Structure formats: structure tokens, C-alpha cells
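Working notes, beginning with the structure itself.
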Amino acid sequence: MSRPEDSPWAVSVAQVSTRAGQSTRVDRDFPAPEGIGDQVVGIPAGTPVHVAGNIDSLVDGLLLQAHISAPLKTECTRCLRPVNTSIQDDPVVFFPYKEPEPEPTHGKEEILADQEEASGQTYPLATGGAFMDLEALLRDTLVESLPLQPLCRPDCRGLCPQCGMDLNDHPDHRHEMLDDRWAALEGLKQRLEQEENPGSNGQTGE
């Protein structure tokens, strides 16, 4: 059975959890957990994620205020070029010393909006309260920060829909657009005219 301190995301908090008013600093890299995005937009597992911030001891738990940054592996959704960018976020989360006991609902489950929002910013301490494990926090923060439509630049022109040429490199690239939707009707019209005037071949004499 693995120990809490053996986790690569474990942070020792034994010295600050003894009484309220103490604080400590965290400033190091942690490996990115698995499941952050996919092959198109994501952070590969094990990628260094930097966490810098303060851990403050309160009466009923520990408050973490941190800045999280991680390199993002993705490509532009318009031109498919690789995009070198990063995810930046500043979470403020609470690690209570004790898990809150659920109140009896008498068969009716009632969840208030503010309670549901607060639960998303609360994470449990490891057994005994001596270690803070950041795996769940990193996964939640990074997944929520993934861009939906990453771009290499805001005014990216994308690719030509006809030939796939990068319009950023060739802004004057054009194709002559021929509308062939009426080609069949035009052919039918010519055949009908030839049947009505078999000797004219579609031409009128002077």
C-alpha cells in the first residue's frame, strides 16, 4: 500500500497544520497527471507543471493560493500549425482538516448553488493531515483551462478549402469558382433547341 508522502504530488504541511496563523511556501514542479486533454489539445502526462504560492494555516484547514503554469501541446484549429503556448491559472483552494459530515436530508437531496460551487474548491488532506496531495487540484485546474479553439494568432487565415494551401503564407491565393449547378440544365436546353431546329445546330442564319 502506497504512503501519502510517496506521491509525486505530495506537499508536506505538518509544520503549518499545528496551529492557525502559520504559513509556508511551495515553489516547485510537479508531473502533469494523466487525462489532461487529448492528442490535439492537451498536456502529456509527466510534463512539468510549476506551482508557486502560499499555504496558510487556518482554524479548520489549510488555504492554498497559488499560480499554476504548464506548457500546452496543441495546434491551430485553422491552419494546423503547432502552437507554443501555456496554461496559466491562479486557484485558491481549501483543504479542511476534517471532512464535513453530511446533514440528513430525510430522503430529499437539496444542493444549494453556493455549496456546490464551494465543494469544487475544496480538496481533502492526506490521512493524518501531514500531507497535501495536489494531483486532483492540478487535473481539475488544467482540464478546465484547456482552450476550446486554440489559434496560432487571432487573425489566422487558415487553409484554402479547395487545395489546403496555408493562406497565412499566401494571402493572395485564389481559385476561380465555377458554379456547375446549372450545367445539366444548360445541356438539356441545347438538346431541346437542336431537336426543334435540327438544321440550325444551335445557330441562326442571317
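The values are calculated or read from the model by the stated rules, or taken from the named source; none is laboratory data. Source: prediction; values computed, not measured. When we count neighbours, we look across all protein chains shown, and the Cβ atoms used for this are built from the backbone with ideal geometry, even at glycine.
Residues are listed down the side, and each one gets a yes or a no for (1) within 22 Å of GLU144 (Cβ to Cβ); (2) in contact with an Asp or Glu (Cβ under 9 Å, 6 or more places away or on another chain); (3) hydrophobic (A, V, I, L, M, F, W, C):
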site	(1), (2), (3)
TRP9	yes, yes, yes
VAL13	no, no, yes
VAL26	yes, no, yes
THR77	yes, no, no
VAL83	yes, yes, yes
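Can you tell me which residue in region 19-51 is surrounded by the most Cβ atoms within 10 Å (Cβ to Cβ), limited to those that are of a type in the set (Lys, Arg) and within 23 Å of ASP6 (Cβ to Cβ)? For region 19-51, the residue satisfying everything is ARG28.
Identify, please: which residue in region 48-87 is of a type in the set (Val, Ile, Thr) and at pLDDT below 95 and is, among those, farthest from the chain's Cα centre (by Cα)? Checking each candidate, the answer is VAL59. No other residue among LEU159, LEU167, LEU137 is surrounded by 14 or more Cβ atoms within 10 Å (Cβ to Cβ) and within 30 Å of PRO33 (Cα to Cα) apart from LEU137.
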